Amino acid sequence: MGRKSAVDRLPDDIKAYIHGQLADGRMTLDELISDLQTRWPDEAEAGELPSRSAVGRYGQKLERRLSAIRASTEAAKIIHAQAGDREDARSGALTAMIQSELFESIMALQEVDDEDMTPGDRVDLLSKAAKNIATLTRSSVALKRYQDEAEERARARLIAEQREKLDELGRTGEVDQEVLDKVIKAAYGL
């Protein structure tokens, strides 16, 4: 595999500072590099601070992650607003997003040059992906089962409520019991 980025190799305090400044987005790369050199002059003098291009690459990677998180959060909000969540629609949406991400990761893995990764590394990554896919599949099956059961409970509750209302009509005499029995048999097979 490729080596860690220059930013990832920094001490935690410097890396966290860079991360925060990039996420905040108030400084240009040149301003950030100048700020780093001012805050950590010993590291700057020793050549241990990352270059402008290294910080730029790290910032692009960070922005992709943040964009994905924002998109997932927005999707969850929309799903919650539209579906409530009686049937656990958010979990279904999350599962679908993870499945998409795993698929894209596997596709990217296939495109990696053989020089960048040994066959053993590739097998390890595929093994981990397969394990995660199996877990995700079990989760998806359990979610579908839960959704089916929730739907069945809702249907049974609705039928019970309607049956009670129809029975009430029969008790009050508003509808002839014989007619009511025919309606119930036709509608519910009861």
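Coordinate-derived values only; no laboratory data. Just so we're clear, the structure is a prediction, and the values are computed from it rather than from any experiment. We place every Cβ from the backbone using ideal geometry, glycine too, and count neighbours over all the protein chains shown.
Starting from the Cα-Cα distance between S51 and D124, subtract it from 0.36 nm times their residue separation and give me the gain in nm to one decimal.
23.1 nm
Take peptides 69-75, 179-185 and line them up by average Cβ neighbours within 10 Å, highest first, as a rough protection proxy.
So the peptides 69-75, 179-185, ranked by packing, come out 179-185, 69-75.
If I model a spin label as a point 7 Å beyond the Cα along the Cα-Cβ vector, how far apart are those points for Q147 and L29 in nm?
4.3 nm
For an R0 of 22 angstrom, estimate the FRET efficiency from the Cβ-Cβ distance between S72 and D12 and round to the nearest 0.05.
Step by step, r from the Cβ atoms, then E = 0.25.
By how many nm would the segment from E43 to R65 grow when fully extended, if each residue of separation counts as 0.36 nm and the alpha-carbon distance is taken off?
Taking E43 through R65 to full extension adds about 5.2 nm, to one decimal.
From the gyration tensor of the Cα coordinates in region 1-84, what semi-axes in whole Å does the equivalent ellipsoid have, largest first, with each one equal to sqrt(5λ)?
Listed largest to smallest, the semi-axes of region 1-84 are 33, 14, 10 Å.
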